[in-house]
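J.: Below is the structure I would like to discuss, written out as structure tokens.
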Amino acid sequence: MNRARSLSLGVAACLVSIVWGAEPPRILIVQQREPVKEDVDPNVYVLDYLAQELDASGLGSAVVWGMGDPIFRTAVLDGTLAGVPEAPSLDQALGVASKLNAAYTIWIRGVREGANAKGTVKVFQGRREIWKDEKTLAVSIGGEHSDTDAGRSLARTWMILLSTKPFKGLVAMPKAQTPVIAQGQQPPTVTLPTRVDTPPATPTAKGPVDNSQLKKDVSGLILAKRRNEAILRLKDAVDQEPMDYERRTMLIEALMGHDAKLAADEARRASGLFPDKAELRILAARSWLRAGSSDEARQDLNEAIARDPNGISTRIMLAEISLEEGSSDKAIEHLDAVIKIEPSADAYYRRALCRSLLGGTEGVEQDLAECRKLEPQPDTDRVFRRYGLAVNALRGALKQASDDQRSLLQRALVRPKDDAVREELERLERQARSRAAFMTSIEVPAEMKASHERRLLGSRLLSQSLLDLQDFLDTGSEDSLTESRINLGEAIKHLNAADPAPRQP
């Protein structure tokens, strides 16, 4: 290093110490988020781990973009920040850094590419880029898929590079440990701000709380697509009544439509306050699945099974897993047990879905009627969750049905008199009728109606293709065979064009 650069770094260090005094500079950390595709989250999350590394180094005071950070949250609540998006652009992030008096902004991108995690980091001082780096790490550790380990590795690697490159001139200011003092010398207790996701140390249980107005307010905000405000409202409510179980579950469910990982973390923390509530472990498992962390989900599900193996929420989660694995018959066994113990709209909806996949039209209609009877007007979040579950299952089932029909067309052309061909056609017709009955009777999120209609049209064209094929088997009409092929092709086109899954409002 030449003398001029040494002097400039020394001057920079002095200026930093003068400007910031005894406090390290504030550093805003933001992660660019890639969109979820077909329920797969490609992001490898690094920002929380990097914030921990930065705080531990003493080189800076990390502020993480999001309502889980106390400084960020306070700025939103007091109006310093207004209209901040959940996934900001770089320009928006740099603007917020200025309002938060952050000396630096760290912009991160982490994505999964095959078996690797590719990370990119950029550091800005004001609006000027002063450093950037790219790293590619293995996502699998010891043969096991682990985005978490990849995120931590990226954070550790970048912290080493940050301390030796763009932040080399900063003075480390580790947080001092408070010495133990005598009882008579202790000052009055002062409550210091903590991260919003830190549960209270020893909350005191209180009597029942009336949450009817809170539910109405939150439902209205979510319906108006103001989820951030709904989450803030719920976090304030939880702060006021930290041992109110209903408020905590409402917060977790609201977070599931915002950030599945945050929801999972919140559910897991809440389970420490309510160890007898296996439902919290189920909420955590469901959130981890949405976040793409199947290992974490399995851990919470096992905890729930250990606490309450035959519990309603445990059984419903096991049914969802069976459904995801393509075992609708096993899912129905769990749902039958749930409905026998305590009938619920959720259980009837899921059983109707399973029956539609297996080909039971009458059972589908009965279960959906019971669902509507128990819950005539489900809230927006519930409609999205149910529809998302249905789309995930139907997408695979309809793809399989179109493949089976293509194969059946070939077999029918070669062996039109074969009994096995007719049996397969009858099976596919039963399934087509039951799926159409389900899809025409369920509630659909407003923004998904167009894609739903396209998926439903594709399903009906599959049915029409089967009717044409039936006519070919009965009459030998070549025109019917041609129509069957055309309708099958159109069905596949519409099914492929339909959106894969609903997006949370």
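The values are calculated or read from the model by the stated rules, or taken from the named source; none is laboratory data. Because the structure is predicted, anything quoted here is derived from the model rather than measured. Ideal geometry is used to build each Cβ from the backbone, glycine not excepted, and the neighbour counts take in all protein chains shown. Each accessible area value is taken on the protein alone, full model and side chains, heavy atoms only, with ligands, DNA and RNA left out. Shrake-Rupley method; radii C 1.70, N 1.55, O 1.52, S 1.80 Å.
J.: Which one of G110, L90, T136 is farthest out on the positive end of the charge dipole of the chain, using unit charges on Cβ (Lys, Arg +1; Asp, Glu -1) and the Cα centre as origin?
T.: Sorting the options by dipole projection puts first L90.
J.: Another question, if that's okay. Relative contact order for the chain using alpha-carbon pairs under 8 Å, separation at least 6, rounded to a whole percent? Can you show the working numbers first?
T.: Working: 687 pairs, mean separation 50.0, N = 505.
Worked out over the chain, it gives 10 percent.
J.: Need the list of aspartates and glutamates near K235 for cross-linking: C-alpha distance under 17 angstrom, and skip anything on the same chain fewer than eight residues off.
T.: Within the straight-line cut-off, K235 pairs with D69, D78, E86, D197, D210, D217, D244, E246, E253, D259, D265, E266.
J.: Further question: Which whole-angstrom value gives the distance between the alpha carbon centres of region 460-499 and region 297-370?
T.: 33 Å
J.: When semi-axes √(5λ) of the Cα gyration tensor in Å is calculated directly from the model, which label among (1) 52, 29, 19; (2) 43, 29, 20; (3) 38, 24, 23 fits?
T.: Matching the structure shown: (1).
J.: On to the next question. If a helix is a whole DSSP H run, which ones in the chain reach 24 Å or further along their own axis (Cα) and hold a mean Kyte-Doolittle hydropathy of at least 0.5? Intermediate values should be presented prior to the final figure.
T.: Values: long enough: 3-20 (25 Å, 1.32); 147-164 (26 Å, 0.02); 380-414 (50 Å, -0.36); 419-441 (34 Å, -0.96); 449-475 (38 Å, -0.40); 478-497 (29 Å, -0.57).
Going by DSSP H runs, the hits are 3-20.
J.: Same structure again: Which of the lysines could be linked to K118 by a straight reach, that is with a Cα gap under 18 Å, when you skip same-chain ones fewer than 8 residues away?
T.: Counting by Cα, and skipping residues close in sequence, K118 has these lysines nearby: K37, K132, K135.
J.: Could you work out the helix-only [θ] at 222 nm for the chain, with each DSSP H run of four or more residues adding -39,500 (n - 2.57) and the total divided by the number of residues, to the nearest 500 deg cm²/dmol?
T.: When only DSSP H runs of four or more count, the value is -20000 deg cm²/dmol.
J.: If you roll a 1.4 Å probe over region 302-412 with all protein chains in place, what percent of the accessible area is carbon or sulfur? Write out the running numbers ahead of the final one.
T.: Working: 2390 of 5150 Å².
The C+S portion of the solvent-accessible surface of region 302-412 is 46 percent.
J.: Is there a pair in K122/K215; K330/K373; K216/K449 whose C-alpha atoms are over 30 Å apart, and which pairs would that be? List each step's numbers first, then the result.
T.: Details: K122/K215 41 Å; K330/K373 25 Å; K216/K449 25 Å.
In this structure, K122/K215 lie more than 30 Å apart at Cα.
J.: Once you place label points 7 Å from the Cα toward the Cβ at S98 and Q400, how far apart are they in nm?
T.: Distance between label points: 5.6 nm.
J.: Give the accessible surface of region 253-389 per residue, rounded to a whole number of Å², with probe radius 1.4 Å and ligands, DNA and RNA excluded.
T.: Value for region 253-389: 43 Å² per residue.
J.: What are the lysines whose alpha-carbon lies under 16 Å from the alpha-carbon of K493, with same-chain residues fewer than 8 places away excluded?
T.: Reachable lysines: K399.
J.: Whole angstrom only: what separates the Cα centroid of region 64-118 from the Cα centroid of region 218-237?
T.: Taking the Cα centre of each part, region 64-118 and region 218-237 sit 20 Å apart.
J.: Need the C-alpha centroid separation for region 378-409 versus region 44-63, integer Å.
T.: The distance from the Cα centre of region 378-409 to that of region 44-63 comes to 41 Å.
J.: Please give me the summed charge of the neighbours of R268: other residues whose Cβ is under 10 Å from its Cβ, Lys and Arg +1, Asp and Glu -1.
T.: Values: positive: R269, R281; negative: D265, E266, E296, D300, E303.
Surrounding charge for R268 is -3.
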